[in-house]
1. Test each condition in (1) surrounded by 19 or more Cβ atoms within 10 Å (Cβ to Cβ); (2) within 22 Å of Leu96 (Cβ to Cβ) for Val66 and report the one that comes out false.
2. Filter the range 20-63 down to residues that are among the aliphatic types (A, V, I, L, M) and under 13 Å from the mean Cα position of the chain (by Cα) and give me whichever is surrounded by the fewest Cβ atoms within 10 Å (Cβ to Cβ).
3. Restricting attention to the range 66-118, and to residues there that are free of Cβ contacts under 8 Å to residues at least 60 places away in the same chain and among the hydroxyl-bearing types (Ser, Thr, Tyr), which single residue is nearest to His173 (Cα to Cα)?
4. Taking helices (runs of 4 or more DSSP H) that fall entirely within the range 65-182, which contain at least 2 residues that are over 22 Å from Ala18 (Cβ atoms) and not assigned by TED's automatic domain parsing to the domain that holds Asn33?
Amino acid sequence: MLIYYLVISYLIGTFMTAYFVGKWKGINLQQANTGNLGARNAGRTLGKTAFLLTVIGDGLKGVLVVCLGRYLGFEDVWITAGMLFVVLGHLYPFWLKFKGGKGIATGIGALLTFSPILLLALIAGFVVSLPFTKSLTISMVIGFMTYSIYIVATGKFDLFILVAILALLTFEHRHNLIERVK
């Protein structure tokens, strides 16, 4: 059953909300602006409604995977593995030549559903750093680091997969980070 859960988690992740919002509006987002199938490109190309629809749709993928894991009675370590797989599905959808979004909305939806308390560490790191960095991308990465440090500091090593997810999301934003630091 666990293997099915992980495969289903990946497949859920491959539902690219931005792709379908773009098709609905008659635009292929893979050929617009950055070519990324995430909320930021959808919003930049199609406006606020497209951004919002994409954030909600992508966030719900993470919510669904966590809820499914809890419904099936899996331990937290396996639910976090499902979270990793849904993010991987979003980043690398097989049906779009492994070119998807950057995973933020999907990851945050999963993190929020998994543990709203832990998500507060991410939000705190983001909010505290934003006035200093004046960059959403850099502050988001600081929020990811705060979340990761909290997991390590509390000794919840069964949640270490969450640190891997946050490292993967940071890696996917490496070009944005380099751009901001220049």
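1. Val66 satisfies every listed condition except (2).
2. Selected residue: Ile56.
3. Tyr92
4. Those helices (runs of 4 or more DSSP H) span 116-133, 136-153, 160-172, 174-181.
The values are calculated or read from the model by the stated rules, or taken from the named source; none is laboratory data. In this text the structure is predicted, and so the values were computed from the model without any measurement. Using ideal geometry, Cβ is built from the backbone for each residue, glycine included, and neighbour counts are taken over all protein chains shown.
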